[in-house]
Amino acid sequence: MSFVKPELEYTELLPLLIVLGGATLGVLLEAFLPRGSRRVPQVALALLTVVGALVATVLVGVHLDVHRGAGGSEGRGLVGAMGSVVIDGPTVYLWGLILVFALAGVALFSERRLEGGVSAFVGQAAALPGTEGEREASTRGLDHTEVYPLLLFAVSGMLLFPASGDLLTMFVALEILSLPLYLLCGLARRRRLLSQEAAMKYFLLGAFSSGFFLYGAALVYGYSGSVTFAGINESVRAGAANHGLLLAGIALLAVGLLFKVGAAPFQAWTPDVYQGAPTAVTAFMAAGTKVAAFGALLRLLYVAFGGERWSWVPMLWVVAIGSMVLGAVLAIVQNDVKRMLAYSSVAHTGFLLVGVLGVQSAGELADGQYTSLEGVLFYLTTYGFAMIGAFAIVTLVRDAGGEATSYQRWAGLGRTSPLVAGAFAFFLLSMAGIPLTAGFIGKWAVFTSAMSAGAWPVVLVAIVCSIMAITFYVRHIRLMFFTEPDPDGTGAVTRSSPATSATVVVCLAATLVMGVVPGPVLDLVTRAGDFIR
């Protein structure tokens, strides 16, 4: 057997390499800098890394060439790293979106003013809750600056996940994305037991989902004799034997990816993890993980299993309907803001899956309609900005015990802090899909795409669930503006650092602009094109 020298397209892979390099350098800073002087270098390094990767992503997108794939299909991009990584229009768009959300994550991670000069992360994670070691760490104002390289490692996994060209690379990206998040979820400074419980649940269920994904990859390899998406696609279209092996593999792979997006019936981790994790981590995870996982899901279904569409579409019908109904119903009965947003996230996953069911080819659509890929990409953009902005505001409402996430602490907030309550209400209205918000345009894009594919029963359920969702969104708005404050005291809005304030303002502006003038972002999504094969 002759050895083939691997060839890497370093220029096109530069965004990913920059993030991995910055994360590695962050680990070295932790090793060699004194503990009390690490925060500023780590924050600066994380910001420079993400900004550098974002600039590199723009340059990669501008210089993408036309690639001719199997079967004569054309698209802008290339298959690099010996077929393991695919850099095309959707990949570049998803990279840019993830990096923008990563910038917001760094800003929220760096917040110290809300906790009286310390961060929201525990000073010493190894100390048991309530012990003398934990009290000493809190008294000394210790800070876990390891969270910044952990965030960068998670971002690198998010970048690789939707760009994977084969099942093994996708599995590696899944683990690189997940492991740092398991750690970050257990590092809350307050409510330590709740935070550790969230991390443990996320880790255990995530390990199960990874096992399903790996088993599914083995079955698909047994069917096609290849782990590359192009090779699997050829076997599917050729109608290789052992069709049952293929269906079992698709089902198991779908379990692994549907867990990451928080779809029913794999959503059990979502409310507990969203509630127990530090809210800065929740904001970053809610937006970034959803974008990366949906990008990976779309590439797997459209590229590897596109020829088997009529086998996996019925499964997605069931999952989409289940996610929308379960998320909307359970969100109504919540009395905690973070849990309400968590179940809202489950419902939004269902709405995004409705978009996945749409028509994939622009040639099959009438004027004014968008393909399923274009609709889902735009929806992910609107969803991410609304979620990060909402969770950023949650960090501002506090009482003596820290973040005031109980509903009763938000009663009358619109009277004491009308600007903050108004911004939160606007994010909720966008999630509800009210006109003149970005969420309305996002739902319109995915619903029309699904209608064009004949999935009108799913769209009908989605419309009903959207109306149901308005119930709990409007209930919370009514709580803030039209309810008497709780006798035990309403949470007060604490003055935040410029980083958190800027995050809220940017998310608010993006949600408003994409709702009023969505054209530029829709054009950008359209120019991203389709996945190359």
Within the range 427-440, the residues that are crowded, with 21+ Cβ neighbours inside 10 Å and out of contact with any Gly (no Cβ under 6 Å at 6 or more places or on another chain) are LEU428, LEU429, ALA432
Scan the range 388-413 and report the pairs whose first residue is on the phi > 0 side of the Ramachandran plot and buried (at least 23 other Cβ atoms within 10 Å of the Cβ) and whose second residue is hydrophobic (A, V, I, L, M, F, W, C) and part of a strand (DSSP E or B), with Cβ atoms within less than 6 Å and a gap of 6+ or a chain change. none
Test of understanding: among LEU214, LEU181, which residue is in a helix (DSSP H, G or I), out of contact with any Lys or Arg (no Cβ under 7 Å at 6 or more places or on another chain), closer than 30 Å to ASP143 by Cβ and not small (Gly, Ala, Ser)? LEU181
Could you check the range 180-207 and list, in sequence order, the residues that are more than 23 Å from GLU111 (Cα to Cα), of a type outside the set (Ser, Thr, Tyr) and either in contact with a strand residue (DSSP E or B) (Cβ under 7 Å, 6 or more places away or on another chain) or touching a residue at least 12 places away in the same chain (Cβ under 8 Å) (or both)? GLU197, MET200, LYS201, PHE203, LEU205, GLY206
Could you go through the range 303-326 and let me know if any residue there is touching a His at 6+ places or on another chain (Cβ under 8 Å), surrounded by 24 or more Cβ atoms within 10 Å (Cβ to Cβ) and at pLDDT 90 or above. no
Here's a check for you: in the range 34-55, which residue that is loosely packed, with under 15 Cβ neighbours inside 10 Å and not hydroxyl-bearing (Ser, Thr, Tyr) is modelled with the lowest pLDDT? GLY36
Number of the exception - TYR370 against (1) surrounded by fewer than 23 Cβ atoms within 10 Å (Cβ to Cβ); (2) touching a helix residue (DSSP H, G or I) at 6+ places or on another chain (Cβ under 9 Å); (3) not basic (Lys, Arg): (1)
Please give the number of the condition PRO520 fails out of (1) farther than 22 Å from ALA390 by Cβ; (2) touching a strand residue (DSSP E or B) at 6+ places or on another chain (Cβ under 8 Å). (2)
Every residue in the range 431-450 that is of a type outside the set (A, V, I, L, M), part of a helix (DSSP H, G or I) and without any contact (Cβ under 8 Å) to a residue 60 or more places away in the chain, please. TRP444
Within the range 470-477, does at least one residue satisfy the condition of being surrounded by 15 or more Cβ atoms within 10 Å (Cβ to Cβ), of a type in the set (Val, Ile, Thr), in contact (Cβ under 8 Å) with a residue 40 or more places away in the chain and farther than 18 Å from ASN335 by Cα? no
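The values are calculated or read from the model by the stated rules, or taken from the named source; none is laboratory data. Note that the structure is a prediction, hence the values are computed from the model and not measured. All Cβ positions, glycine included, derive from the backbone under ideal geometry; neighbour counts span all protein chains shown.
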